[in-house]
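Enquirer: Please find one structure pasted underneath; my questions will follow.
The values are calculated or read from the model by the stated rules, or taken from the named source; none is laboratory data. Just so you know, these numbers come straight off a predicted model, no measurement behind them. Please note: Cβ atoms are built from the backbone with ideal geometry, for glycine as well, and neighbour counts cover all protein chains shown.
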């Protein structure tokens, strides 16, 4: 549901400024939202470098945006208090990119009923529809799952819904604030003519016989087979979990038929990285020996190295038997490469082998930790539904634990706890500016269609509790005694999170629960660098921001104020030094009818001079033409006069003869 | 003091609820219109 008019479009890479007023957590979440745009669309974001139009994200009152590119230079987008949720930010940026709300489409009455007497008085205008002259649905059907759709409770004056979907099943779907829906992406990619995304590389669920262009290696003992079930397990693939007869394929290495140490190698097609860092995500099933192993290599091709260089990235050992397991592998490749999966038969009995399914590769950061929760369904709404994760360490060394509360009748809550850990004596306390991102994974086989539910919190070292302690001080000082399942005691700090992480309704939707397993992905990163002001822009060379100096005013010799090519480059007559293509050059001042020119603005020009030059050159040309004309007339006349006299002479001779 | 600190204060607020509670009267709850766009 987009605004009509090319003038409302942004360039594919949108300049932005994260203003100082933003909360730290909001800054981190905004950058995470940008990563979702880079993965699923062709929209990218870059720090403002002086372009004419840019989006200024600041902490205003509430969460709001304009619709489309206003071409007004600085365009504000407010991420105020409580707006620091990733889908809220995606929603506001979709407005900025030119999208209205879904239920204001011209055809919405075919799909929802608006219950007007349940709307707060004076708010009815928020439910207007707009004809297809004002907005364009881009030939995409009405989307109940859009992140731009009101929820059923929008602007209600009581407890009854203001929006009733004509298909009842969507009543608790409208108003989702998890991620882009498929149709959101279809519309955005249509509106901006997207042909590729920045960070998506490949996704494979092995449903097609071409197995995504993967190739078997010749230097191994066995091949991987594309099958839909294996007697020793798995009974079905991970993509469809046996729900679809005739489909549901995966790749299997039958280790029961080879010797210990035998290998089966499967290589991806050649891939071309852009960002230099990648995350590989896949599911692995072991129905063979518990000593079976999967090695992940990179075959990197550089100039003059046709066969590529094989580099071992990860050895996956101790693969649990009898269930699909999710794995992440971090990579750092800058040249053309293949991902190589090498199954190795381990010692011990082996009736089945190794199976792989639902591979996704993207140039994104992998989560730091995975918390797998088995037999999940029975925990929802149950008194037993209060779970603590195993302990994890952040990259900086902080120990933490996640608390998931499913016992509430409607909502699931999630909280982040610092706990006592081995590094505490070496760490800074209170814990400063560590952003914890907790993601409930939507296990859709294709990463581009995953609508994972994510919340982030950030440790504010200045936050205090009512008893005067620092909230994020070391757990051994402010925490409570707790015990791990094995009886080991430790200290747990207070939890920090939300009781409204996701509704149980939505939790049962999509692929959050698959094979009765749920995955919570965890990342804890240091965002203290976001505490500083975003670097000031240097005017971009292709930009039309002139620095017209008023004569007599002090003008910096370099607009960027940064030492560089302009440092020793002097411009005369108040010219301003600017850097274009790494070289210094002068931007000369100009006025109504005068200007300076020349490499250092050493020459002066004016309209009067130009006119004089033009007139005099015209006069000169005219005079020249006149002279040429006169001369040619004279010569012509002279020539004919000569001819005439010579003819008379000839005639007289003839007469004489005659 | 409660075991856990709830950043949402125990309620699940949508964008429009947050803006309404702040007394904002934006177009369709979260849109800042410019003069031209008057839908």
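Enquirer: Tally time: how many residues in the range A:481-508 are closer than 25 Å to residue A:32 by Cα and surrounded by 19 or more Cβ atoms within 10 Å (Cβ to Cβ)?
Expert: 10
Enquirer: Quick one: which of A:385, A:343 is surrounded by 23 or more Cβ atoms within 10 Å (Cβ to Cβ) and on the phi < 0 side of the Ramachandran plot?
Expert: The unique qualifying residue is A:343.
Enquirer: Of all strands (runs of 3 or more DSSP E) completely enclosed by the range A:327-441, which ones contain at least 2 residues that are closer than 30 Å to residue A:247 by Cα, in contact with a strand residue (DSSP E or B) (Cβ under 6 Å, 6 or more places away or on another chain) and in contact (Cβ under 8 Å) with a residue 24 or more places away in the chain?
Expert: Where strands (runs of 3 or more DSSP E) fall fully within the range A:327-441 and carry at least 2 residues being closer than 30 Å to residue A:247 by Cα, in contact with a strand residue (DSSP E or B) (Cβ under 6 Å, 6 or more places away or on another chain) and in contact (Cβ under 8 Å) with a residue 24 or more places away in the chain, they are A:337-344, A:353-362, A:369-373, A:434-440.
Enquirer: While we're looking at this one, here's another question. Scanning the range A:149-167 for residues that are more than 11 Å from residue A:116 (Cα to Cα) and facing chain B (nearest Cβ under 10 Å), which turns out surrounded by the fewest Cβ atoms within 10 Å (Cβ to Cβ)?
Expert: Per the stated criteria, the residue is A:153.
Enquirer: Need a quick list: strands (runs of 3 or more DSSP E) entirely within the range A:453-526 having at least 2 residues that are out of contact with any helix residue (DSSP H, G or I) (no Cβ under 6 Å at 6 or more places or on another chain), modelled with pLDDT of 95 or more and within 10 Å of chain B (Cβ to nearest Cβ).
Expert: Of the strands (runs of 3 or more DSSP E) lying wholly inside the range A:453-526, those with at least 2 residues that are out of contact with any helix residue (DSSP H, G or I) (no Cβ under 6 Å at 6 or more places or on another chain), modelled with pLDDT of 95 or more and within 10 Å of chain B (Cβ to nearest Cβ) span A:453-458, A:495-503.
Enquirer: Considering every residue within the range A:304-317, establish whether at least one is touching a residue at least 40 places away in the same chain (Cβ under 8 Å) and touching a strand residue (DSSP E or B) at 6+ places or on another chain (Cβ under 6 Å).
Expert: No: the range A:304-317 contains no residue that is touching a residue at least 40 places away in the same chain (Cβ under 8 Å) and touching a strand residue (DSSP E or B) at 6+ places or on another chain (Cβ under 6 Å).
Enquirer: If you don't mind, there's one more thing I want to ask. Going through the range A:201-220 one residue at a time, which ones are surrounded by 15 or more Cβ atoms within 10 Å (Cβ to Cβ) and assigned to a loop (DSSP other than H, G, I, E, B)?
Expert: Within the range A:201-220, A:205, A:206, A:207, A:214, A:217, A:220 meet the criteria.
Enquirer: May I pose another question? Of these, A:113, A:69, A:128, which one is touching a helix residue (DSSP H, G or I) at 6+ places or on another chain (Cβ under 8 Å) and loosely packed, with under 15 Cβ neighbours inside 10 Å?
Expert: Result: A:128 is the single residue among A:113, A:69, A:128 that is touching a helix residue (DSSP H, G or I) at 6+ places or on another chain (Cβ under 8 Å) and loosely packed, with under 15 Cβ neighbours inside 10 Å.
Enquirer: List the strands (runs of 3 or more DSSP E) inside the range A:37-128, counting only whole elements, that have at least 1 residues being closer than 26 Å to residue A:438 by Cα and more than 8 Å from chain B (Cβ to nearest Cβ).
Expert: A:44-47, A:54-58, A:74-79
Enquirer: May I pose another question? Could you grab me the full set of residues in the range A:217-234 that are over 13 Å from residue A:354 (Cβ atoms) and touching a helix residue (DSSP H, G or I) at 6+ places or on another chain (Cβ under 9 Å)?
Expert: Once the filter is applied, which keeps residues that are over 13 Å from residue A:354 (Cβ atoms) and touching a helix residue (DSSP H, G or I) at 6+ places or on another chain (Cβ under 9 Å), the range A:217-234 yields only A:226.
Enquirer: Please go through the range B:15-30 and give me each residue that is under 18 Å from residue A:149 (Cα atoms) and more than 7 Å from chain A (Cβ to nearest Cβ), ordered by number.
Expert: B:17, B:20, B:27
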